[in-house]
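Take a look at the structure below.
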Amino acid sequence: MASWLKSPASETQVTHGQRLWLYVFAVITMILLVLPTLIVIPMSFSDSQYLEFPPDTWSTRWYDNFFGSEEWMQAARTSLQTAVLTMLVATPVGIAAAYGLHTSNVPFVRMAFVMMLTPMMVPLVLVAIGAFYAYVQLNILYTVTGLVLAHTVLALPLVVIVSGSALKGYDMSQEQAARSLGAPRWIAFFTVTLPQIRFAVVTSALLAFLTSFDEVVVAMFISGGDNPTLTRNMFNALRDQIDPTIAAISTLMIFVTTVMMILAQIFGQQNKP
Amino acid sequence: MAPARARHHTPGDHTLTTQATEALPISISNITKTYGPVNALDDVSLEVKSGEFLTLLGPSGSGKTTLLMVLAGFTRPDCGSLKFGDDEVIRKPPHLRDVGMTFQSYALFPHMTVAGNVGYPLRLRKVPKSEIAERVEGALETVQLGGYGDRRIDQLSGGQKQRVAVARAIVFEPRILLMDEPLSALDKKLRDQMQIELRHLHEQLGMTTVYVTHDQREALTMSDRIAVVNHGRIMQLSTPRDLYERPANRFVADFIGESTFLAVNRAGTDVRYGETPLRYSGDVPDTPDLQLMIRPERVLLSDTGPVEGANNFPATASDVVYQGDSFLLHARLQDGQQIVMRGAVRGDRATSLPEPGDQVTLTMAPEDTVLIDGREV
Amino acid sequence: MATTALRPNEAGLRTDGRLERLRLFGLSSPAMLLILIILVIPVGWLFYVSFIGANGEFSLENYERMIKRKSYMRIFITTFQVSVLTTGLCILIGYPLAYFMSQLPNRLANICLITVLLPFWTSLLVRTYAWLVLLQKQGLVNQWAMNLGLWDEPLKIVHNMTGTLIGMVHIMLPFLILPVYGAMKAIDRDYLKAASNLGANPRTAFWTVFFPLTTPGLFAGALMVFILCLGFFVTPAVLGGGKVIMVSMKIVSNIELFVNWGAASAMGVVLLIMTLVILWIASRFLRLDQITSGGH
């Protein structure tokens, strides 16, 4: 142990011992980064009305509360539905946009690209109240359609950035080869390019899903009535009183996120022939 | 797509052959392509004969690759006409041109096997499955990769990848083949070998081939004719021999082979180097900047002083470089100009090369003395 | 005419080129249309509304209110405070952590990266909620700190600025760490060897060679954090306990409680302009794609 402390840790011959403070600091920070997220899980199994850790008695009453409540179930349905639909809409629309901008050399490509990024640059709360007003006019307030459209707009920059960067690193001469062999552009794209940016496609889809599933602010304004989202209801519950059911819902949300990420890993693997 | 064509087999042999009469001539007329202020192709016209192996040779940025891309349909020129045989194809998209093409990076699809890659154009043309397998194997055998169908692309060496790329480009029996610097990524030995193989392939299949390279030795080895390209224009279009022996201008003379150039002048009907009239062969180009092209291997080192009937250049040796099989002699002429001479190391030479400072006599036979237009093009 | 004969197919080729470019650009039209309808037009309308006064006519009163009323100024100041403090804390905590990760062998570094990214993928609301629970009077932090003897009375570390900052820093750290880490990984180790060889001690080598090379990534990360903090809503709303009021929260309450579109949109416009100005200043130093890819 002592010899390890004296051994050099870097090109500049700083020793591990001199860096011990950094190691301790880093480990503590990483624990603090992960801890809060993980803490909700055991808490959700606590029997007590007051959020306590470690739980005195274990029970699943908060889960029963959640699954038994029609209101919460409706919200969960809405959230999942919206997230899946957002993923299904935003991914192809975003990839098409990224491909179009990557391959066309119209002079206003840069401008169009910046426009794609505007949802990231405009403060979320502004998007939310703007959409609220627009939806009242268009009569799609409190609908899943409205939610999907708004969430798609929020997810698009991520999809465009991720797939755009994958396209940038991709050798377009492969698509050219396919075209020289007789494939029109769209066939060349689907049979040659798409399989090779697979990882980016799946990541984009995952990002789109999560953007929608976790979204709070816009949902606060445009979801409600028959179609409140899970996050909207959670937020309202948080403001009113600290209901431990939220711990259960949080755990379930973590679970959903983890499942989606595992699926992304599986589908995102570049397949070998 | 491609019309069905009779395929010729010798019984038991699955390799491809195409009758030379099926190959198409290419007619390129007035192709211009500008990128802003830059003239990538400047009113280029060129006729490629049916079944010919024509090389576009030039330095980077000369426009040779641009011209190939115009032939393939990936670069749209500002104007011009392009005919494959009798068909005007200039406005046809790449996937309808039915030309085989290989890319500098091979562009093999990594997510498919070798057979998957080679079979791709056949699948696009809706060839029945059983026939695909047979034709794929035939193409692979033609490039000496028979049986490699199940390999993955990342398992192949550079040379093998190159062959798969060729197999993929010829499996659907196109009548025109385009090749974009296919050998530039290979090491020297492999490159030399592949040059011969590609040449044999061309003779076997007979398709019209347009080949792009910056390597002049490669061009000289493989081509029926060479078009030397620079600044978007064709500097000279000739057979390798004519190109080497009778370059049309300084650029071509410089690009092909190694040469030094001597300024010479006209006096009446004579051409003189300094005060000495030259004995030369070929024409005198009509130019204010007349130069004598000196190929190092055409200059001889005389052991006995000036040679009767030849052009003699008394000089002082400035540098002698022994290179094993040959030696280089840099010599300074009386008026200060430099010549480079290359000679074989044999017999006496092996032990007695000239020393820097020696007075030497360099001679050139009249048949080897060529005059060129020295102006910048 | 001789000239047209020498430029065959010119018109046709030009049309082909135009059509192809249009078709490709058209692939991005669904995306642009969506963004136009859901984002650009409504925000444009909000811009317009911000100039409409209570009487329904053109007026600057919404903007004047922000300057005149002390409460509004305080909100802007608070927002800036929180943003600056959060960004600063993220740099102080995130930079060393990123440095630590960059010095690890690949395997360990990847594990650490997952640790950093894990909260990133978890819902914002869940994380905020977790801190709410942890920081309460009877929460874990107070319990453990008192057990360890750090303090005697449970501290009020939530429903105030402290709680807000803790939550914000936790949320924002990955946004800083990723670009900084990326920049650090990209530094050729040979630079440090050269510095050592030329006579620099480890500290000098770090500050004169390593650190300057990481500044683009640091700048990109800090910028992203700052902009996110400016417009942030959820975490301050939950952890601030009503005492930390940020611009976004005021906008929401203006709509939800007072239905005062004029005031809300004016504040929103100001927030937007601040964001754009900061981005513009940053673009003087960084290219746009550097910001989105983390400084490299």
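Quick look at the numbers
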quantity: Filtered residues of the range C:259-274 (kept if closer than 17 Å to C:E64 by Cβ, free of Cβ contacts under 8 Å to residues at least 12 places away in the same chain and more than 24 Å from the chain's Cα centre (by Cα)); calculated: C:N260
quantity: The range A:128-185 - residue that is within 10 Å of chain C (Cβ to nearest Cβ) and basic (K, R) and, of those, nearest to B:A169 (Cα to Cα); calculated: A:R185
quantity: Filter pass, C:L192 being at pLDDT 90 or above and within 14 Å of chain A (Cβ to nearest Cβ); calculated: no
quantity: Residue that is surrounded by the fewest Cβ atoms within 10 Å (Cβ to Cβ), among those in the range A:137-192 that are of a type in the set (S, T, N, Q) and under 25 Å from the mean Cα position of the chain (by Cα); calculated: A:T145
quantity: Matching residues, the range A:118-147, being in a helix (DSSP H, G or I) and in contact (Cβ under 8 Å) with a residue 60 or more places away in the chain; calculated: A:L124, A:V125, A:V127, A:A128, A:I129, A:A131, A:F132, A:Y135, A:V144, A:G146, A:L147
quantity: Residues of the range C:64-102 classified as of a type outside the set (A, V, I, L, M) and crowded, with 18+ Cβ neighbours inside 10 Å, total; calculated: 13
quantity: Odd one out for B:Q104 among (1) within 14 Å of chain A (Cβ to nearest Cβ); (2) modelled with pLDDT under 95; (3) in contact with a helix residue (DSSP H, G or I) (Cβ under 6 Å, 6 or more places away or on another chain); calculated: (3)
quantity: Residue that is farthest from C:F226 (Cα to Cα), among those in the range A:101-113 that are assigned to a helix (DSSP H, G or I) and within 7 Å of another protein chain (Cβ to nearest Cβ); calculated: A:T103
quantity: Helices (runs of 4 or more DSSP H) enclosed by the range C:39-144 - at least 3 residues per element that are touching a Cys at 6+ places or on another chain (Cβ under 9 Å) and within 13 Å of chain A (Cβ to nearest Cβ); calculated: C:70-102
quantity: Residue satisfying condition, being in contact (Cβ under 8 Å) with a residue 24 or more places away in the chain and on the phi > 0 side of the Ramachandran plot, within set B:A107, B:A139, B:A115; calculated: B:A107
quantity: Out of C:L271, C:L279, sole residue that is out of contact with any Leu (no Cβ under 6 Å at 6 or more places or on another chain), within 8 Å of another protein chain (Cβ to nearest Cβ), in a helix (DSSP H, G or I) and modelled with pLDDT under 90; calculated: C:L279
quantity: Residue list for the range B:118-134, restricted to those being part of a helix (DSSP H, G or I), in contact (Cβ under 8 Å) with a residue 24 or more places away in the chain and surrounded by fewer than 19 Cβ atoms within 10 Å (Cβ to Cβ); calculated: B:E134
quantity: Criterion (more than 30 Å from A:R185 (Cα to Cα) and within 13 Å of chain C (Cβ to nearest Cβ)) met by exactly one of A:A98, A:A75; calculated: A:A75
quantity: When residues of the range A:186-212 are limited to those that are among the polar types (S, T, N, Q) and closer than 18 Å to B:G119 by Cα, the one farthest from the other protein chains (Cβ to nearest Cβ); calculated: A:T193
quantity: Residue, nearest to the other protein chains (Cβ to nearest Cβ), within the range B:47-80, restricted to residues that are at pLDDT below 95 and part of a strand (DSSP E or B); calculated: B:C79
quantity: Strands (runs of 3 or more DSSP E) contained in the range B:285-377 and holding at least 1 residues touching a residue at least 60 places away in the same chain (Cβ under 8 Å) and polar (S, T, N, Q); calculated: B:290-294, B:300-302, B:338-344, B:359-364
quantity: Entirely in the range B:135-252, the helices (runs of 4 or more DSSP H) that have 1 or more residues that are among the β-branched types (V, I, T); calculated: B:158-170, B:188-205, B:216-222
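Okay, residues lined up against (1) surrounded by 14 or more Cβ atoms within 10 Å (Cβ to Cβ); (2) over 32 Å from the mean Cα position of the chain (by Cα); (3) assigned to a helix (DSSP H, G or I):
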residue: C:E153; (1), (2), (3): no, yes, no
residue: C:T164; (1), (2), (3): yes, no, yes
residue: C:M172; (1), (2), (3): yes, no, yes
residue: C:F175; (1), (2), (3): yes, no, yes
residue: C:L178; (1), (2), (3): yes, no, yes
residue: C:A194; (1), (2), (3): yes, yes, yes
residue: C:V209; (1), (2), (3): yes, no, yes
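The values are calculated or read from the model by the stated rules, or taken from the named source; none is laboratory data. Treat the numbers as computed from the prediction; the structure is a model and nothing was measured. Neighbour counts are summed over all protein chains in view; Cβ atoms, including those assigned to glycine, are modelled from backbone coordinates with ideal geometry.
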